[in-house]
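Here the structure is laid out as structure tokens; the discussion comes afterwards.
The values are calculated or read from the model by the stated rules, or taken from the named source; none is laboratory data. Predicted model only: the values in this text are computed from it and were never measured. Cβ placement follows ideal geometry from the backbone for every residue including glycine, while neighbour counts extend to all protein chains displayed. What goes into the accessible areas is simple: the full protein's heavy atoms, side chains included, and nothing from ligands, DNA or RNA. Shrake-Rupley method; radii C 1.70, N 1.55, O 1.52, S 1.80 Å.
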Amino acid sequence: MLPMRPEALKGHLDALLLSVLEDGPRHGYAIIEAVRTGSGGTFDLQTGTIYPALHRLERAGYIASRWHVIGGRRRREYDLTASGRRALGAERAIWVQFSTAVSALLQEKPWPAALS
Amino acid sequence: MARRTVVKSPAEAKLESQEVEHYLRTLGGQLRGPARARAAVIDEIRDGLDDAIAAGTSQGMSTAEASEEAIAQLGAPQLVAAAFAGELAIHQSRTILWRLLLTGPLVGIWWFLLLVVPSQHIQPATVISAIPALPVVAPAVMIATGVLATTGSLIRWLPESSPRQAALAASLIGLVTLAVDTTMLVILATRVLNGTAGSLSPIIAGIAAAASIGRFPFAGAAICHSVRRLMFSR
């Protein structure tokens, strides 16, 4: 698998973070792991950059967080809001349209067709 | 990969704790913003590190290896602090703007009762037009409201203000607050010195002056924080 440059994710990180919260609330590390494992290890980002992105999504009202204490540890859990769910749906639709168009243009064409 | 539970020895646990604490101390020293927000960031990062170390040890790493791996995955403290800088700056600017917006009416109402109401007939348009600070306060309130809107949940629909723009707005509103409070105090002092303060209620005058003076350090701190942000953020 080709390594993915972090800048390739620019503009898509928000949608990825929203998508891993679709199934239910998660803590920060679980979100990061879900992005990593969900992408088959392709998106192996420095975790320190994910937390600010989560804070920004919360500021936008797409996710909500709550603190709780488990075993003496303060933990912050993020959950998708109704706005976040709508935004995720919109991002998905845009991505399908975009990726279909890009795939159509970038896919390798048979030899004679490539010449025409 | 098969997971197995690794029981940490006290020495290993101490090593992990030392490494994590050193990292968090360094990160804490690099973060800029309100103390509560910085503490929340540190708590969240600590929790993530604990999870990452637990995951590493359950996959067979030693505690030292897992700690090192978790910290490397998080990134250098300088990079993490830089990644948080924008969010913390916006958080700080929003806190300042909310405080100044909310204390505005609480301070202004006393000056209004002191200087405007006794000398005006009760007609809303006349009374409002007699507020001397209105030409300065009204645009400041509009700017503050606009920045709060474009750094909050309305960024879904509106162009987002940058951390720098938010800091600039916060320093501007701080300056306006300081200027308006000073002006009102000078007006009151002038009337007292000229002997024309006889018609003013001394109790309301005292409350209004105390409210404005009480806001001085607050507005000054807002300006200092914002100027520092403007100097150190890009």
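Where q = 0.09, 0.14 Å⁻¹, what log10 of I(q)/I(0) comes from the Debye formula for chain B, counting one point per Cα?
The calculated log intensity ratios at q = 0.09, 0.14 Å⁻¹ are -0.57, -0.92.
Please determine, in degrees from 0 to 90 and to the nearest 10, the orientation of helix A:82-106 with respect to the longest principal axis defined by the Cα atoms of chain A, where the helix direction is its Cα long axis.
Approximately 20 degrees, to the nearest ten.
Given a 1.4 angstrom probe, what's the average accessible area per residue across the protein assembly as shown, in square angstrom?
Per residue, the protein assembly as shown has 56 Å² of solvent-accessible surface.
Using only Cα positions of the protein assembly as shown, each an equal point scatterer, no hydration layer, compute I(q)/I(0) via Debye at q = 0.08, 0.12, 0.15 Å⁻¹ and quote the log10 values to two decimals.
Debye intensities relative to I(0), on a log10 scale: -0.57, -0.96, -1.24.
Short version: which residues of the range B:45-70 lose at least 10 Å² of accessible area, all chains versus chain alone, 1.4 Å probe?
Residues of the range B:45-70 that lose at least 10 Å² of accessible area once the other chains are added: B:45, B:47, B:48, B:50, B:51, B:52, B:55.
How much length is gained on full extension from residue B:21 to residue B:42, taking 0.36 nm per residue of separation minus their Cα-Cα distance?
Full extension of this stretch gives 6.5 nm more.
Calculate the spin-label point distance for residue A:66 paired with residue B:228, positioning each point 7 Å from the Cα along the beta-carbon direction, and give it in nanometres.
Here the modelled spin labels are 3.4 nm apart.
Rounded to the nearest 100 Å², what's the accessible area chains B and A bury against each other, both chains counted, probe 1.4 Å? If you can, show how the numbers build up before the last one.
Numbers: alone 13600 and 8190 Å², together 19550 Å².
Its buried surface, counting both partners, is about 2200 Å².
Residue A:73 versus residue A:106, label points 7 Å from Cα toward the beta carbon: distance in nm?
For residue A:73 paired with residue A:106, the spin-label model returns 3.7 nm.
Can you tell me the length gained on complete extension of the stretch residue B:69 to residue B:189, counting 0.36 nm per residue apart and subtracting the Cα distance?
Answer, rounded to one decimal: 36.7 nm.
Expressed in nm², what is the orientationally averaged projection area of the convex hull enclosing the Cα positions of chain A?
Its Cα hull, projected and averaged over all orientations, spans 9.2 nm².
Roughly to the nearest percent, how much of the accessible area of the protein assembly as shown is carbon and sulfur, given a 1.4 Å probe?
65
Going by alpha carbons, how many degrees (0 to 90, nearest 10) lie between the helix axis of B:77-111 and the longest principal axis of chain B?
20
Three principal axis extents, largest first, for the C-alpha atoms of the range B:10-75, in Å?
Largest first, the range B:10-75 extends 39, 19, 17 Å along its Cα principal axes.
Using 12 Å as the cut-off for backbone N distance, which residues of the range B:32-58 belong to the label zone defined by a point 7 Å from the Cα of residue A:91 along Cα→Cβ?
Backbone N within reach: none found.
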